[in-house]
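The values are calculated or read from the model by the stated rules, or taken from the named source; none is laboratory data. None of these values were measured; they are calculated from a predicted model. Ideal geometry is used to build each Cβ from the backbone, glycine not excepted, and the neighbour counts take in all protein chains shown.
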Amino acid sequence: MPQLIGAFFRLIRWPNLVFIFLTQLLFYYFILLPCYGWRYVEVPAMIPKLTPLLFYLLSASSVLIAAAGYAINDYFDLNIDRVNKPKRMVVEKVIKRRWTILWHWLLSGIGVVLSLYVSWRIRNPIIAVANLGCVVLLYFYSTTFKRKLLIGNVIISLLTAWVILVLFVCEARITTDPIAREISARIFKFAIVYGSFAFIISLVREVVKDIEDRDGDEKYGCRTMPIVWGVNVAKVFAGTWLVVLIGALIIFQFYVLQKAWWQLILYSILLIDLPCLWLLRKLYRAQTREQYHLMSNVIKGVMLTGICSMLLVLSN
């Protein structure tokens, strides 16, 4: 039983699920609520639509849908994983395929039901429709898009950004109230900054992972960028997006410099800018699977430090 439980948590990538929850938790408590000033009065414009209960239900929905996506991905990647990561396989070695697909539909179903409830409570059908769309995209990503040139990478990057953007969509209001419009604009600004960061860094990581996994992918007919265009072109693509990210971070730092947010500037330089520069340097020198795997882990670390910078936004 302990082995089965451990295998289940490996199947659903529990560290990634913790990361999703942490991202939404930090955005809710350190960005969204402070935009309302923490002072809720009996004025609709000053009351968040997402109460703490609804937030946790929405976050649970995001986590469950992501977990279902990881399960279905391993279900369809069984042969590829035998080549790329035989020691880390769970499906068929510990958990049977029929149980894997069952877990996918069960987790997806609960996630969608929670989305429907949150949508009904905040009177916003977009949430339920979008999260249902996430389930569909994750399914077809695993069956088809993952094996196609670039489209699979873009889908995963968009879904990563959606983890943050969904919170803004929940709070979006159609109103002429100046207070509500100001609050919405403030939340939108932060959602775009962090959502764009999540999209770009995720896109870079997806391409690096494709380079790392090209042997197994090529054996089973995948048409990822390193296979179709070659490893060097994939490196240039990932490097270009890293340069874009570094440039955007520098522009952002000049913006917050005007506000004298020194802690945030120092934090972002040391824990985001410099690691991105290291990645850019290592990207063009990497040759082995181990080197690409290390880069993938460093990118996950940059994603974490980027998201944790929300802690410093509140302090300013």
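Give the residue that is surrounded by the most Cβ atoms within 10 Å (Cβ to Cβ), with candidates limited to residues of the stretch 90-134 that are of a type in the set (Lys, Arg) and outside any helix (DSSP H, G or I).
Step by step, filter the stretch 90-134, then rank; the result is LYS93.
In the set ILE192, ILE272, which member is surrounded by 18 or more Cβ atoms within 10 Å (Cβ to Cβ), modelled with pLDDT of 95 or more, closer than 27 Å to SER309 by Cβ and within 20 Å of the chain's Cα centre (by Cα)?
Testing whether each residue is surrounded by 18 or more Cβ atoms within 10 Å (Cβ to Cβ), modelled with pLDDT of 95 or more, closer than 27 Å to SER309 by Cβ and within 20 Å of the chain's Cα centre (by Cα) leaves just ILE272.
Does ILE211 meet the test of being of a type in the set (A, V, I, L, M), under 19 Å from CYS35 (Cβ atoms) and touching a residue at least 24 places away in the same chain (Cβ under 8 Å)?
Answer is no for this residue.
Mind checking which residues of the stretch 107-126 are under 17 Å from the mean Cα position of the chain (by Cα) and touching a residue at least 60 places away in the same chain (Cβ under 8 Å)?
Listed by number, the list is empty, since nothing qualifies.
Only one residue in LEU58, LEU50 is buried (at least 20 other Cβ atoms within 10 Å of the Cβ) and either modelled with pLDDT under 80 or not in a helix (DSSP H, G or I) (or both), so which one is that?
That would be LEU50, the only listed residue that is buried (at least 20 other Cβ atoms within 10 Å of the Cβ) and either modelled with pLDDT under 80 or not in a helix (DSSP H, G or I) (or both).
Looking only at the stretch 275-293, which residues are crowded, with 16+ Cβ neighbours inside 10 Å and of a type in the set (A, V, I, L, M, F, W, C)?
Passing the criteria: CYS276, LEU279, LEU280, LEU283, ALA286.
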